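The values are calculated or read from the model by the stated rules, or taken from the named source; none is laboratory data. Computed from a prediction, not measured in an experiment: that's the story for all the values here. Don't worry about glycine lacking a Cβ; one is built from the backbone with ideal geometry, like all the others, and counts go over all protein chains shown. To get the accessible areas, we keep the full protein, side chains included, count just its heavy atoms, and leave off ligands, DNA and RNA. Shrake-Rupley method; radii C 1.70, N 1.55, O 1.52, S 1.80 Å.
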Amino acid sequence: STMGRRRSRGQAPSKPKPKLDTMFDCLFCQTGKAVEVKMVRLEQIGFLKCRVCGVSFQSRISYLSEAVDVYSDWVDETEEANYRKDTIVEEPEPKKRKLAAL
């Protein structure tokens, strides 16, 4: 027997990771939890589609990206598009990604 040594305790169980949403509210048709995000990590692309109005979007992702990052890219891009539409556009630049429903 070991003299006066404390028994080692088992390792504390790791806390579960907080679950992040993959369903979001649609900016176009305002339906709650209608936008679904799919992450294709091998191709480094995040896809987003509203199952009500059908609007879709895609953006580049990294290994750190989560579904919410794809959604926030979409929000930013949509706001930017709306801002550009409201301001006077001299030379329309070619769109990189489609925002409108196909």
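With every protein chain present, what accessible area does R41 have (1.4 Å probe, heavy atoms only), rounded to the nearest 10 Å²?
Around 110 Å² of this residue is reachable by solvent.
Given contacts defined as C-alpha pairs under 8 Å and at least six residues apart, what's the relative contact order of region 1-90, whole-number percent?
Reported relative contact order: 19 percent.
Rounded if a/c is under 1.5, else prolate if a/b beats b/c, else oblate: with a ≥ b ≥ c from the C-alpha gyration tensor eigenvalues square-rooted, which is region 1-42?
Prolate.
Under a plain spin-label model, where a point goes 7 Å from the Cα along Cα-to-Cβ, how far apart in nm are A12 and Y63?
2.8
Take E77, E36 and sort them by solvent-accessible surface of the protein heavy atoms, 1.4 Å probe, largest at the top.
Descending accessible area places them as E36, E77.
Using a 1.4 angstrom probe on the protein heavy atoms only, line up V52, V75 by accessible area, largest first.
The most accessible residue leads, giving V52, V75.
To the nearest 0.05, what FRET efficiency results for A81 and K19 with a Förster distance of 25 Å applied to their C-beta separation?
Using R0 = 25 Å, I get an efficiency of 0.20.
Among the chymotrypsin sites (Phe, Trp or Tyr not before Pro) within region 1-74, which fall in a DSSP loop and have no more than 10 other Cβ atoms within 10 Å of their own Cβ?
Answer by residue number: Y63.
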